[in-house]
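The values are calculated or read from the model by the stated rules, or taken from the named source; none is laboratory data. All values derive from a computational prediction rather than experimental measurement. Virtual Cβ from ideal backbone geometry, glycine too; neighbours counted across all protein chains shown. Heads up: the accessible areas ignore ligands, DNA and RNA and are worked out on the full protein's heavy atoms, side chains in. Shrake-Rupley method; radii C 1.70, N 1.55, O 1.52, S 1.80 Å.
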Amino acid sequence: MPSSLPYVLVLYYSRHGATRQMAEQLAAGVERVPGIAARLRCVPPVSTTCEAVDPEIPAEGAIYASADDLRDCAGLALGSPTRFGNMAAPLKYFLDGTSELWMNGALIDKPATAFTSTSSLHGGQETTLITMLMPLLHHGMVYAGLPYSETTLFTTQSGGTPYGASHVAGSRSGRALDDDERTLCQAQGQRVARLALALTALKGVDR
Ligand SMILES: Cc1cc2nc3c(=O)[nH]c(=O)nc-3n(C[C@H](O)[C@H](O)[C@H](O)COP(=O)(O)O)c2cc1C
């Protein structure tokens, strides 16, 4: 039975599982905040062949997101692997299908944040996070990165940026999240959850 609590949609694409691990940590951070839940959803891959059909339920990870999942969220955490310094096409494809939500202003004044995984340390985490921010701003969302009060940002030797959580998966994409990356993912989930509750409460206030 679906919860009646407001929720943060943790929406991601992941091919090898690294971004999925991050999404699960962000969701754990959201769930630490009383009065709000996390809803984990992913997007399907896109295919170069028009005939290709994917199973309705993905083999692993969260189920696929619907437009309603996005419309009804109180906040959004968006996760993607870095692809040539940018978000992955499947996530962009999903966002490109959200014009109706944009026209209706469904996401205005809701908080959003982004997270990414790369194979290399300097492989474009910040550029990816910034490109993920653009469609969120067009939707009227309020972007929340990670403040340096999260002191792990000063000491991490792997992932973690003020633009959003990040993860270095290594050249073979097999490196698991370390403690610093996990801490920052959870802090980011917690932050977007708190902001979602605060901005939901602002709904009744005249613009
Ligand atoms: C087409 C393609 C482009 C990529 N571009 C980059 C890149 O620009 N920088 C980088 O460090 N890693 C890059 N990678 C590696 C992925 O970002 C990395 O393996 C990531 O951890 C995968 O996340 P996932 O396990 O959630 O699929 C690329 C991978 C692919 C397949």
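Structure values in brief
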read-out	value
Among (1) away from the ligand (no atom under 15 Å from the Cβ); (2) more than 14 Å from the chain's Cα centre (by Cα), the one test that Ala38 misses	(2)
Single condition Gly145 does not satisfy, out of (1) more than 15 Å from His167 (Cβ to Cβ); (2) within 16 Å of the ligand (Cβ to nearest atom)	(2)
All positions within region 108-142 that are under 17 Å from Met87 (Cβ atoms) and away from the ligand (no atom under 16 Å from the Cβ)	Ala112, Thr113, Leu133, Met134, Pro135, Leu136, Leu137, His138, His139, Met141
Residue list for region 2-31, filter: among the hydroxyl-bearing types (Ser, Thr, Tyr), open to solvent by 10 Å² or more (accessible area, probe 1.4 Å), out of contact with any Lys or Arg (no Cβ under 7 Å at 6 or more places or on another chain) and within 13 Å of the ligand (Cβ to nearest atom)	Tyr13
Residue check, Arg83 modelled with pLDDT of 95 or more, among the basic types (Lys, Arg), surrounded by 13 or more Cβ atoms within 10 Å (Cβ to Cβ) and out of contact with any Asp or Glu (no Cβ under 6 Å at 6 or more places or on another chain)	yes
The lone exception for Thr49 - which of (1) at pLDDT below 95; (2) within 13 Å of the ligand (Cβ to nearest atom) it fails	(2)
Hey, Gly75 more than 16 Å from the ligand (Cβ to nearest atom) and closer than 22 Å to Leu177 by Cα or not	no
Looking only at region 155-173, and only at residues there that are near the ligand (Cβ under 9 Å from one of its atoms) and among the small types (Gly, Ala, Ser), the one that is surrounded by the most Cβ atoms within 10 Å (Cβ to Cβ)	Ala169
Residue match in region 177-190 (condition: among the β-branched types (Val, Ile, Thr), part of a loop (DSSP other than H, G, I, E, B) and open to solvent by 40 Å² or more (accessible area, probe 1.4 Å))	no
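Condition check ((1) free of Cβ contacts under 8 Å to residues at least 24 places away in the same chain; (2) buried (at least 20 other Cβ atoms within 10 Å of the Cβ); (3) closer than 27 Å to Asp72 by Cα) across all residues:
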position: Thr118; (1), (2), (3): no, yes, no
position: Leu121; (1), (2), (3): no, no, no
position: Glu126; (1), (2), (3): no, no, no
position: Leu136; (1), (2), (3): no, yes, yes
position: Gly145; (1), (2), (3): no, no, yes
